[in-house]
Every structure is written in C-alpha cells, then in structure tokens.
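> Please read through the structure below; I'll follow up with questions.
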Amino acid sequence: MPESSRDALNSWLLLDPLNEWFDIRVEPAAMEPAGGWLRTARLFEDFRKWAIDQGYRENFLPPVNTFSQRLKSMPDVRLARLATGMIAQGVTLKESAMNATAGYADVF
C-alpha cells in the first residue's frame with residue numbers, strides 16, 4: 001500500500017467515534033470501583049449520548065453488540081458475563097464523565 005494511502009487510512013481510523021470516546025471518557029481502573037464494574041449497556045449509553053452531542057449521526061454509530069466487541073479490544077478492558085448482564089472490568093468512566101452524565105442510563 002502506498003505510504004500516502006496508509007496515512008490517509010490511519011487518519012480516517014482516528015476519526016472513529018468509539019476510539020475518541022474511549023480516549024476522552026474512559027480510564028483504567030486497577031481495582032473494582034465502589035459501585036461495581038460498569039455494565040456494557042451503561043458504557044454504550046454514555047458513548048451514544050456523547051457521540052450524538054459531538055455531532056456524530058446516530059446511524060453512523062455502531063450497534064450495541066458491535067460496541068461490546070470493539071470495547072473488548074480496547075486497552076485494559078476485560079468483559080465478563082454476570083447474571084445481571086455483561087460488565088467491563090479494568091476500566092471506568094472518568095470522574096468528569098460520571099458527573100456530566102449522572103442521571104441518564106442509570107436504569108441499565
């Protein structure tokens with residue numbers, strides 16, 4: 001692949017809203033947070049709301065099952081299935097993200 005094509009592809013991949021959201025709103029967590037690990041549905045709702053607020057079209061965003069698969073490939077993320085649903089171990093939302101989103105997606 002020509003270098004210019006590789007550069008263009010890498011630039012395009014960096015525009016991915018999931019990668020951007022992960023870099024801005026998620027941080028590693030060595031120990032389980034006081035409220036427990038976040039459910040992937042909670043993370044997806046935060047991602048979806050954040051992406052729409054950033055101007056991404058909803059039809060451009062991945063569906064929840066694709067989100068979970070992609071989330072699994074992110075640094076520090078380990079997915080685990082519990083009786084109550086899928087959780088993401090090893091990461092949490094940054095405190096600033098938690099404060100900004102208090103109230104929505106708490107039902108997940």
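> Within segment 31-69, restricting attention to residues that are small (Gly, Ala, Ser) and farther than 12 Å from residue 18 by Cβ, which residue is surrounded by the most Cβ atoms within 10 Å (Cβ to Cβ)?
41
> Filtering segment 1-24 down to residues that are exposed (fewer than 10 other Cβ atoms within 10 Å of the Cβ), among the hydrophobic types (A, V, I, L, M, F, W, C) and under 25 Å from the mean Cα position of the chain (by Cα), which residue is modelled with the highest pLDDT?
The residue in question is 15.
> Of all residues in segment 35-63, how many are touching a residue at least 24 places away in the same chain (Cβ under 8 Å) and among the β-branched types (Val, Ile, Thr)?
1
> Would you mind telling me which numbered condition in (1) at pLDDT below 95; (2) in a helix (DSSP H, G or I) residue 50 fails?
(1) is the only condition that residue 50 fails.
> Sticking with this structure for a sec: Test residue 27 against the criterion of being among the acidic types (Asp, Glu), part of a helix (DSSP H, G or I) and either more than 12 Å from residue 93 (Cα to Cα) or touching a residue at least 60 places away in the same chain (Cβ under 8 Å) (or both), and give yes or no. Give the steps one after another, and end with the answer.
Details: among the acidic types (Asp, Glu): yes; part of a helix (DSSP H, G or I): no; either more than 12 Å from residue 93 (Cα to Cα) or touching a residue at least 60 places away in the same chain (Cβ under 8 Å) (or both): yes.
In short, no.
Every residue, every condition in (1) buried (at least 16 other Cβ atoms within 10 Å of the Cβ); (2) at pLDDT below 95; (3) more than 20 Å from residue 17 (Cβ to Cβ); (4) within 13 Å of the chain's Cα centre (by Cα), yes or no:
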{"site": "71", "(1), (2), (3), (4)": "yes, no, no, yes"}
{"site": "77", "(1), (2), (3), (4)": "yes, no, no, yes"}
{"site": "80", "(1), (2), (3), (4)": "no, no, yes, no"}
{"site": "84", "(1), (2), (3), (4)": "no, yes, yes, no"}
{"site": "88", "(1), (2), (3), (4)": "yes, no, no, yes"}
{"site": "91", "(1), (2), (3), (4)": "yes, no, no, yes"}
{"site": "96", "(1), (2), (3), (4)": "no, yes, no, no"}
{"site": "99", "(1), (2), (3), (4)": "no, yes, yes, no"}
{"site": "104", "(1), (2), (3), (4)": "no, yes, no, no"}
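The values are calculated or read from the model by the stated rules, or taken from the named source; none is laboratory data. Everything numeric in this text was worked out from a predicted model, so none of it was measured. Here Cβ is always computed from backbone atoms with ideal geometry, including for glycine, and neighbour counts include all displayed protein chains.
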